[in-house]
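Below is one structure, written out as structure tokens; the observations come after it.
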Amino acid sequence: MTDALFTHLAAIEATARDRGIAATVNLDGRLTGLTLAPEVMALSPEELAERVFRLTQQASAEALTQGLDALTPVVGEAETAPLRAGILSPPRSRNSATGPAAP
């Protein structure tokens, strides 16, 4: 069962999409795919970055949820419930994640 669980966890990916942008991440939260439709190139660099950042966070939360769904039958709800609570916390904005902008 352990090998199957690790194989399943390693294969987890989630994609978040919005208005011409699709961000795919793995269970580690690493960006594994990014699709940009031609029309999003009309966005300002700041707006494009904010959308990609937000979608990456959404996809990461979904991938983590999938991972916890796989782990819960093995380790129990008591172990995964606190982690789920953290996933459901509101995402940080891109600026708060990287610190204040330079003047």
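Values as computed for the structure displayed
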{"item": "Electrostatic dipole magnitude of region 2-95 [Cβ: Lys, Arg +1; Asp, Glu -1; Cα centre; debye, to 20]", "result": "240 debye"}
{"item": "Region 60-75 - phi-based ³J(HN,Hα) in whole Hz, Karplus 6.51/-1.76/1.60, Gly and Pro as x", "result": "4, 4, 5, 5, 5, 4, 4, x, 5, 4, 6, 7, 3, x, 8, 9"}
{"item": "Amide H partners (placed H, <5 Å) of residue 20, local residues excluded", "result": "none"}
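None of the figures in this text is laboratory data; all of them are computed from the coordinates on show. From a predicted model like this one, the values you see are computed outputs, not experimental measurements. Cβ atoms come from the backbone with ideal geometry, glycine included; neighbour counts cover every protein chain shown.
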